[in-house]
Amino acid sequence: MDSRILDQFRAIVGKDGLITEPEQLRTYECDGLTNFRVVPSAVVLPTSTEQVQGVVRTCHRERIPFVARGSGTGLSGGALPIESGIVISLARLNRILEVDLANARVVVEPGVINASVTQQVSPNGFFYAPDPSSQQVCSIGGNVAENSGGAHCLKYGFTTTHVLGLEVVLPDGSLVHLGGKTLDRPGYDLAGVFVGSEGTLGIATKIILRIVKRPEIIQTLLAAFNSTNEAGAAVSGIIAAGMLPAAIEMMDNLAIQAAEAAVHAGYPNCGGLLLVELDGPAAEVELLMAQVKEICTECGAWEIRVAQSEEERAVIWKGRKAAFAAMGRISPNYIVQDGVIPRTALPQVLSEIERLSAEAGLRVANVFHAGDGNLHPLVLYDRRIPGQEHLAEELAFSILGLCVKAGGSITGEHGVGEEKKKFMSVMFAEPDLDTMQRVRCAFDPERLSNPDKVFPRPRLCAEKPGPYQPHPLEVAGVAELF
Amino acid sequence: MDKKLVRELEQALGKDAVLWKTEDLMLYEYDGSVEQARPEYVVFPRSTRDVVQIMLLANRFQVPLVGRGAGTGLSGGALARHGGILLVFSRMNRILELDFENQRAVVQPGVVNLDLTRAVEHAGLYFAPDPSSQKACTIGGNVAENAGGPHTLAYGVTANHVTGLELVLPEGDVVRIGGKVTDSPGYDLTGLLVGSEGTLAIVTEVTVKLTRLPEAVKTLLAVYDAVDDATETVAEMTARGITPAACEMLDGWMLRAVEDFVHAGFPTDSAAVLLIEVEGLREGVEAQADEISEVCRLHHAREVRVARDARERDLLWKGRKNAFGAIGRLSPTYYVQDGVIPRTKLPATLRRIDEIGKTYGFRIGNIFHAGDGNLHPIILFDARDKEQFDRAVAASNEIMKFCVEMGGALTGEHGVGMEKNELMPLMFSEADLNLMRRVRDCFNPAGLLNPGKILPLGKGCGEIRARPLPVSATSRA
């Protein structure tokens with residue numbers, strides 16, 4: 001990158017806020033989706049909104065694309081850099097600015113770690129509900145970008161339900177406020193549009209969060225079934241009974257084995273494991289838990305355990321939350337997939353996955369948020385065997401095809417990012433994608449903010465995946481690329 | 001009025017679907033607000049195809065196009081402020097699909113809010129958003145204004161219950177956004193469209209969530225001798241993390257007005273009442289109702305009454321929901337305001353409203369969704385007297401300013417419309433408003449959809465035009 005421009009960045013963020021050394025830049029070459037890697041031209045680490053504005057203004061003036069980054073735990077390549085652009089790391093914007101218990105609001109900077117919010121307010125009986133499995137390290141800014149979910153989103157909703165307002169640096173460097181401390185503000189719901197926009201509309205520098213009062217009691221049940229079908233039937237039974245548990249998670253045998261090998265959660269070795277958590281007033285939870293047990297037994301559960309202490313509960317969750325990483329114990333490499341299906345399609349989709357897995361000769365472990373039909377199939381493979389990585393990617397993508405065919409979606413909570421942009425045209429018709437571009441044009445007409453993510457490129461050609469080919473109209477100077 | 005446009009509209013929709021004579025148009029110059037504006041044409045489409053035709057004609061003749069449901073809106077959203085075509089959805093009133101398993105319904109915009117609940121009650125379901133006008137107002141109008149209601153406290157506003165939309169864009173393209181599932185990838189366009197007051201597109205189909213009817217409902221009436229005691233009760237419930245399904249407050253003056261009209265059994269000698277409803281499982285409801293009663297008594301409620309049966313419950317709610325109607329008996333005109341404040345500021349705000357009333361010489365009644373800090377001060381005045389009208393608007397603006405100063409908002413559920421668009425700078429910076437303008441312009445570049453709403457009119461200063469879309473530009477080239 002031009003040293004003149006680097007000097008401008010240095011003047012804004014200081015010497016220790018700019019990274020240009022190639023070996024240091026490599027730290028930023030990928031996020032949690034490690035099979036895509038790009039080394040950026042520079043990384044800046046601003047410490048204030050003003051510095052973010054300064055950096056973005058420079059990018060705008062010089063037409064340099066930028067990618068914002070939180071903790072880099074994302075699983076769809078949302079924070080994947082651009083070779084000719086810079087990465088704006090928000091790790092140093094990590095202060096909790098305000099805790100307003102009376103109105104149940106917390107104002108944070110984007111680099112604040114998800115779990116720190118709950119830590120901050122738990123002495124007062126509150127918690128921050130969205131709980132991605134990476135919550136010990138992932139940042140609120142990243143959660144906003146990807147509209148992150150988590151096990152408890154079944155009852156409490158995704159990140160978007162808990163973000164009420166944002167201070168945003170737009171791609172031209174101007175500062176706007178979207179939403180605010182009160183709900184349902186007048187005008188367009190731009191805060192709602194911003195959450196889940198994966199960094200394509202600007203950079204959030206302050207976030208107003210809603211915190212939730214901790215329920216009177218929480219009870220967690222573990223039920224062992226012979227198959228995922230039986231476990232799935234129990235899930236349908238629970239929902240049909242009109243219950244909305246805080247979480248319903250399911251794991252298949254391969255996932256159980258991996259979790260056991262990694263964290264010894266004491267899971268029974270079974271074909272389908274269900275983890276059901278209920279929270280609320282004590283009287284209600286007791287009553288419903290009895291019903292859940294009954295439904296599980298009816299559907300064939302042969303072992304049912306209810307955690308008797310906070311420690312037991314933590315151990316049960318540890319196995320589930322460590323499930324992805326645990327795959328490392330049983331396979332050298334794995335791909336985490338994220339898809340959504342209508343709950344009712346579960347048995348059919350699982351047997352299809354099994355068929356595809358047998359065809360490809362690759363093992364697939366299944367971990368999912370069963371209550372809302374959000375699947376996380378884990379495709380296991382060995383990179384050292386030639387061709388297997390490619391095969392694994394193909395299998396992971398075929399699984400997405402199954403989800404869309406079943407009336408579901410290509411992502412539940414990990415986002416589209418780099419990984420799934422070519423699938424957007426499977427889910428959306430051309431006019432639908434065009435409508436989204438209208439929003440993009442309003443925020444980022446120059447296409448500088450994380451420009452290559454979410455939407456399939458090239459926009460002017462037939463939507464084909466692959467490297468960008470300029471459109472003939474563009475070459476002729478008749479149209480410009482947005 | 002352009003005779004040629006009338007002919008083309010009649011050709012496209014049939015003669016019985018187009019009004020253009022002054023005496024016919026006059027019926028459509030009002031909605032539920034104090035505003036007034038007459039359209040030049042009124043049309044009644046029967047299908048999405050009809051709407052596309054109307055949109056294309058509006059484009060060709062460059063006239064404004066404004067959607068309208070039942071016309072019960074309170075901020076002038078359904079008025080043709082700059083003339084043009086008023087598109088009335090009364091003939092697009094079919095429920096297209098009921099999907100009980102996934103708890104979804106697909107409806108046309110003209111379906112009346114309460115009719116949807118009636119159609120699904122037998123399956124133990126209902127449509128949760130419950131504006132006081134729910135017997136008459138349409139789901140399309142609810143979507144446009146992001147309508148709320150007493151039960152918004154627990155269930156959220158309309159936006160929380162809409163999962164998908166079919167739209168006709170200003171160029172006449174039909175687009176489907178969202179669907180039956182929530183949190184679909186890409187931008188949340190459904191969330192953007194809900195509450196956009198008809199300025200981005202015309203909605204022709206709505207997919208909504210259906211909510212399971214609760215097993216048990218308990219309705220409490222807490223009676224107070226001092227307004228502050230009632231507001232302190234609300235603040236304490238919030239602090240304790242109690243979220244009832246609804247928590248409404250009526251001040252003493254409103255109570256007396258309502259009681260005279262509805263005979264719901266409200267104590268007319270009290271200073272305020274809280275109408276609190278809890279829902280859920282029988283056991284949970286009992287426990288919650290007990291805790292709420294305790295909080296009420298702690299804050300000096302002189303009486304906490306529990307509705308004994310459905311009839312008593314209905315009567316209490318009838319009092320609340322017909323309150324605006326009751327005012328009509330007392331004053332030739334009334335102005336229902338809609339503002340939001342953080343719940344912790346309730347006592348201070350009510351005192352300020354009282355002062356404002358005295359300063360401007362008006363009786364201001366208070367009835368509101370106390371649980372979420374959504375106020376509805378009602379100013380009684382006589383609109384035939386121009387001076388009074390102006391004074392009422394000034395008093396109302398003062399209340400709005402105070403709400404915003406308290407960290408609240410200009411509107412909770414009635415929308416901005418043409419009533420509050422000039423007040424938007426109280427809440428938003430020029431940069432914030434410019435971003436909203438750009439969003440509007442990217443959808444509605446010619447400005448034909450519901451012009452003069454939401455955003456301050458200005459005189460073109462600070463207007464930023466977004467670049468045109470390359471795709472539509474090239475496909476049209």
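The values are calculated or read from the model by the stated rules, or taken from the named source; none is laboratory data. Every value quoted in this text rests on a predicted model; they were computed, and no experiment measured them. No Cβ is skipped: glycine too gets one built from the backbone with ideal geometry, and neighbour counts run over all protein chains shown.
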query = Any idea which residue in segment B:99-122 is farthest from the other protein chains (Cβ to nearest Cβ), counting only those that are without any contact (Cβ under 8 Å) to a residue 60 or more places away in the chain and either in a strand (DSSP E or B) or surrounded by fewer than 16 Cβ atoms within 10 Å (Cβ to Cβ) (or both)?
reply = B:Val112
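Let me confirm something: among A:Leu273, A:Leu346, which residue is buried (at least 22 other Cβ atoms within 10 Å of the Cβ) and more than 14 Å from chain B (Cβ to nearest Cβ)? Before the answer, list the steps.
Details: A:Leu346 fails: more than 14 Å from chain B (Cβ to nearest Cβ).
Testing whether each residue is buried (at least 22 other Cβ atoms within 10 Å of the Cβ) and more than 14 Å from chain B (Cβ to nearest Cβ) leaves just A:Leu273.
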query = Which one of A:Ile238, A:Ile295 is in a helix (DSSP H, G or I) and either hydroxyl-bearing (Ser, Thr, Tyr) or under 26 Å from A:Ala322 (Cα atoms) (or both)?
reply = A:Ile238
query = Out of all the residues in segment A:61-76, is one or more crowded, with 22+ Cβ neighbours inside 10 Å, closer than 30 Å to A:Gln337 by Cβ, within 12 Å of chain B (Cβ to nearest Cβ) and at pLDDT below 95?
reply = yes
request  = Scan B:Gly412, B:Gly460 and give me the residue that is at pLDDT below 90 and more than 14 Å from chain A (Cβ to nearest Cβ).
outcome  = B:Gly460
Of all residues in segment B:219-242 being without any contact (Cβ under 8 Å) to a residue 60 or more places away in the chain and under 28 Å from the mean Cα position of the chain (by Cα), the one that is nearest to the other protein chains (Cβ to nearest Cβ) = B:Gly241
message = For segment B:124-133, which positions are touching a residue at least 24 places away in the same chain (Cβ under 8 Å) and away from chain A (no Cβ under 12 Å)?
response = B:Tyr126, B:Phe127, B:Ala128, B:Pro131, B:Ser132, B:Ser133
query = Within segment B:1-77, which helices (runs of 4 or more DSSP H) (wholly inside it) include 1 or more residues that are of a type in the set (Gly, Ala, Ser)?
reply = B:3-13, B:48-61
task = Search segment A:151-162 for residues that are not assigned by TED's automatic domain parsing to the domain that holds A:Glu198 and pair each with any residue that is assigned to a helix (DSSP H, G or I) and surrounded by 23 or more Cβ atoms within 10 Å (Cβ to Cβ) when their beta-carbon atoms are under 9 Å apart and the residues are at least 6 apart or on different chains.
result = none
remark   = Filtering segment B:151-174 down to residues that are crowded, with 24+ Cβ neighbours inside 10 Å and touching a residue at least 60 places away in the same chain (Cβ under 8 Å) yields B:Thr152, B:Val157, B:Val168
key: Filtered residue count, segment B:419-446, keeping only those that are in contact (Cβ under 8 Å) with a residue 60 or more places away in the chain and either surrounded by fewer than 20 Cβ atoms within 10 Å (Cβ to Cβ) or assigned to a loop (DSSP other than H, G, I, E, B) (or both)   = 5
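Go over the candidates A:Thr49, A:Thr58 one by one and state the one that is β-branched (Val, Ile, Thr) and touching a Ser or Thr at 6+ places or on another chain (Cβ under 7 Å). Before the answer, list the steps.
Numbers: A:Thr58 fails: touching a Ser or Thr at 6+ places or on another chain (Cβ under 7 Å).
Just one listed residue meets the conditions, A:Thr49.
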message = I need a count of the residues in segment A:186-213 that are in contact (Cβ under 8 Å) with a residue 60 or more places away in the chain and among the hydrophobic types (A, V, I, L, M, F, W, C).
response = 9
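Could you tell me whether B:Asp183 is surrounded by 21 or more Cβ atoms within 10 Å (Cβ to Cβ), closer than 19 Å to B:Thr211 by Cα and acidic (Asp, Glu)?
Values: surrounded by 21 or more Cβ atoms within 10 Å (Cβ to Cβ): yes; closer than 19 Å to B:Thr211 by Cα: yes; acidic (Asp, Glu): yes.
Spelling it out, B:Asp183 is indeed surrounded by 21 or more Cβ atoms within 10 Å (Cβ to Cβ), closer than 19 Å to B:Thr211 by Cα and acidic (Asp, Glu).
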note = Matching residues in segment A:209-219 (surrounded by fewer than 24 Cβ atoms within 10 Å (Cβ to Cβ), more than 7 Å from chain B (Cβ to nearest Cβ) and not in a loop (DSSP other than H, G, I, E, B)) number 5
inquiry  = Conditions first: (1) more than 24 Å from A:Thr160 (Cα to Cα); (2) more than 10 Å from chain B (Cβ to nearest Cβ). A:Glu418 passes all but one, so which condition is the exception?
reply    = (1)
note = Among the residues of segment A:334-380, the number that are touching a strand residue (DSSP E or B) at 6+ places or on another chain (Cβ under 7 Å) and farther than 17 Å from A:Ala323 by Cβ is 5
remark   = Considering residues that are touching a Phe, Trp or Tyr at 6+ places or on another chain (Cβ under 7 Å) and under 23 Å from A:Gly187 (Cβ atoms), the number found within segment B:196-210 is 4
query = Which of (1) more than 10 Å from chain B (Cβ to nearest Cβ); (2) surrounded by fewer than 22 Cβ atoms within 10 Å (Cβ to Cβ) does A:Val169 not meet, given it meets every other one?
reply = (2)
query = Given the conditions (1) among the acidic types (Asp, Glu); (2) out of contact with any strand residue (DSSP E or B) (no Cβ under 8 Å at 6 or more places or on another chain); (3) under 20 Å from A:Asp184 (Cβ atoms), and given that B:Asp385 satisfies all but one, which numbered condition is not satisfied?
reply = (3)
query = A:Phe194 passes all but one of (1) at the interface with chain B (Cβ under 7 Å from one of its Cβ atoms); (2) crowded, with 22+ Cβ neighbours inside 10 Å; (3) within 20 Å of B:Glu430 (Cα to Cα); (4) not small (Gly, Ala, Ser); which number fails?
reply = (1)
request  = Only helices (runs of 4 or more DSSP H) wholly contained in segment B:305-401 count here; list those with 3 or more residues that are more than 18 Å from B:Val262 (Cβ to Cβ) and modelled with pLDDT of 90 or more.
outcome  = B:346-360
query = When A:Ala102 is evaluated against the numbered criteria (1) assigned to a strand (DSSP E or B); (2) within 14 Å of another protein chain (Cβ to nearest Cβ); (3) farther than 17 Å from A:Thr159 by Cβ, which criterion, by number, is the only one it fails?
reply = (1)
ask   = Does segment A:87-103 contain any residue that is modelled with pLDDT under 95, over 27 Å from A:Glu393 (Cα atoms) and aliphatic (A, V, I, L, M)?
value = yes
key: Criterion: surrounded by fewer than 17 Cβ atoms within 10 Å (Cβ to Cβ), in the same structural domain as B:Leu455 (by TED's automatic domain parsing) and modelled with pLDDT of 95 or more - qualifying residue of B:Gln36, B:Gln62   = B:Gln62
task = Inspect segment B:336-348 for any residue being aliphatic (A, V, I, L, M), within 21 Å of B:Arg256 (Cα to Cα) and assigned by TED's automatic domain parsing to the domain that holds B:Lys401 and give the result as yes or no.
result = yes
message = When you check A:Glu430 against the structure, is it under 30 Å from B:Gly172 (Cβ atoms), within 14 Å of chain B (Cβ to nearest Cβ) and modelled with pLDDT under 90, yes or no?
response = yes
